């Protein structure tokens, strides 16, 4: 039996990819969040930015750089690894743990702004709040995310949102940054194209 | 990740490096206000010690507690073992109590291997007879790496009672996996015959390709000191000596003990290690043990971080 000609086979399903934010958009969104932080915190005094790995860390550094360009204030930046605080630790193979780097002044009595790339179930942020509890006592905690894709499973919301994206659970949101992936961008994969 | 840690040979270079990297992160917890991580909450770790130990048992206990595991300490003295219970029956009892990991020290070489066949949880060898002590080798490697910045290419000289030393055996296996060059030094009576002949064969045949681990044996401590990056002094284990291996303690100390004079012959950057407990005045003089080159106290601190890493990597995920 011969193989059917290619034309007769059903068209291969193309995985749909939609660009949500292009490279220049990402920078604009970061700039806007930096302005919002300055506005809401009245000049970002006593504020510490803590990035959640992987992509929260470079985002936090970018925000700090933009804030110092706009208002000439140096906001301390750190990294908060949350691996050991995850609620699904035992459902996966052992995860590698990353570094937690707190700024020299610590976080006690400071306003801590957690920075992450995508806000989804809220479980990462819950883990981050637990981790934060063990490394110090901030006066308040806020959350900044590049993208909020909805589908929260916990009562958590962000204080600063770069972009709200309505998604279905079948879709996945992928953020890429120059520091970690070579290019800036936010893409939406999967789902149906209509 | 592996399920048990029984031997230094269980670890390939990638796994060993992963443990050391994880330990480096665990070490930062010691500097925090809350010295606790929730990673092993609800898991039970049993310390099963059939032999006396201070630092290893306390170190494992501290490591498990910092990871929020529940710790049950079992020492053979004052337990059913004194009434004649066998290792297997004790193992089945622990199994019935739901131990997720068993940290075992036993005077019989190979006891942890047998135990691993009887229990569902992970077994960590905390020293079996004169055989192996893999977490000590890992903490030694960690200490070398943090002091000297690397392991590959380091010249490590292990001095003393190699024959009875589980620390030496595990170190030789692990360090050669990680690319260090190990030289064993001691009186011929205290160097295992198979290692001595193997090293001699490798030297005469001109190639060590078939010889693994790659080790050298030397009977003259003074000859190897100027080229050593690390000198690891071993305790003379009188309790395991059933024979007279050297004429007198004084002669041993003169030929193989590390004193200030010998220490000054080491390269500038070289470090002195000792797994403890020390016989001060026998294999090491107080001048050396308390010098800036000595990492003996550091090794104890690092032991907790390394054992946290081992417990986390064995029990942290669903791969246990």
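The values are calculated or read from the model by the stated rules, or taken from the named source; none is laboratory data. What you see is a predicted model, and the numbers here were worked out from it, not measured in a lab. Cβ placement follows ideal geometry from the backbone for every residue including glycine, while neighbour counts extend to all protein chains displayed.
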Just to be sure, is residue A:80 touching a residue at least 60 places away in the same chain (Cβ under 8 Å), crowded, with 24+ Cβ neighbours inside 10 Å and closer than 16 Å to residue A:112 by Cβ? no
Residue list for the stretch B:247-282, restricted to those being within 16 Å of residue B:156 (Cβ to Cβ) and part of a loop (DSSP other than H, G, I, E, B): B:266, B:267, B:269, B:270, B:274, B:275
Please count how many residues of the stretch B:22-53 are surrounded by 17 or more Cβ atoms within 10 Å (Cβ to Cβ) and farther than 18 Å from residue A:80 by Cβ. 12
The correct count of residues that are more than 21 Å from the chain's Cα centre (by Cα) and surrounded by 13 or more Cβ atoms within 10 Å (Cβ to Cβ) in the stretch B:75-87 is 6
Criterion first (more than 23 Å from residue B:52 (Cα to Cα), in contact with a helix residue (DSSP H, G or I) (Cβ under 9 Å, 6 or more places away or on another chain) and more than 14 Å from chain A (Cβ to nearest Cβ)) does residue B:248 satisfy it? no
If we scan the stretch B:301-317, do we find a residue that is within 14 Å of another protein chain (Cβ to nearest Cβ) and assigned to a loop (DSSP other than H, G, I, E, B)? yes
For the stretch B:1-22, which positions are in contact with a strand residue (DSSP E or B) (Cβ under 7 Å, 6 or more places away or on another chain) and part of a helix (DSSP H, G or I)? B:8
Check residue A:14 against each of (1) more than 24 Å from residue A:129 (Cβ to Cβ); (2) modelled with pLDDT of 90 or more and name the one condition it does not meet. (2)
Confirm whether residue B:231 is in a strand (DSSP E or B), within 21 Å of the chain's Cα centre (by Cα) and either on the phi < 0 side of the Ramachandran plot or outside the structural domain of residue B:183 (by TED's automatic domain parsing) (or both). yes
Those residues of the stretch A:127-151 which are surrounded by fewer than 17 Cβ atoms within 10 Å (Cβ to Cβ) and within 12 Å of another protein chain (Cβ to nearest Cβ) amount to A:130, A:133, A:137
What is the number of the single condition among (1) touching a helix residue (DSSP H, G or I) at 6+ places or on another chain (Cβ under 8 Å); (2) within 14 Å of chain B (Cβ to nearest Cβ); (3) not in a loop (DSSP other than H, G, I, E, B) that residue A:113 does not meet? (2)
For residue B:284, indicate whether it is closer than 22 Å to residue B:143 by Cβ and within 17 Å of the chain's Cα centre (by Cα). no
Would a scan of the stretch B:277-296 turn up a residue that is within 21 Å of residue B:103 (Cβ to Cβ) and in contact (Cβ under 8 Å) with a residue 40 or more places away in the chain? yes
Failed condition for residue B:268, given (1) over 30 Å from residue A:83 (Cα atoms); (2) touching a helix residue (DSSP H, G or I) at 6+ places or on another chain (Cβ under 9 Å): (2)
Those residues of the stretch B:47-86 which are in contact (Cβ under 8 Å) with a residue 60 or more places away in the chain, closer than 18 Å to residue B:129 by Cβ and assigned to a loop (DSSP other than H, G, I, E, B) amount to B:50, B:51, B:53
Tell me, which residue of the stretch A:87-99 that is in a loop (DSSP other than H, G, I, E, B) and over 26 Å from residue A:186 (Cα atoms) is farthest from the other protein chains (Cβ to nearest Cβ)? A:87
Can you spot a residue in the stretch B:141-149 that is in the same structural domain as residue B:23 (by TED's automatic domain parsing) and under 30 Å from residue B:214 (Cβ atoms)? no
Collect the residues in the stretch B:7-57 that are within 11 Å of another protein chain (Cβ to nearest Cβ) and over 21 Å from residue B:299 (Cα atoms), keeping them in residue-number order. B:33, B:34, B:37, B:38, B:39, B:40, B:41, B:42, B:43
Kindly provide the set of residues from the stretch A:37-86 that are in contact with a helix residue (DSSP H, G or I) (Cβ under 6 Å, 6 or more places away or on another chain) and within 14 Å of another protein chain (Cβ to nearest Cβ), ordered by number. A:79, A:80, A:82, A:85, A:86
Specify which of the listed residues (A:167, A:124) is part of a helix (DSSP H, G or I), away from chain B (no Cβ under 13 Å) and either touching a helix residue (DSSP H, G or I) at 6+ places or on another chain (Cβ under 7 Å) or surrounded by 15 or more Cβ atoms within 10 Å (Cβ to Cβ) (or both). A:124
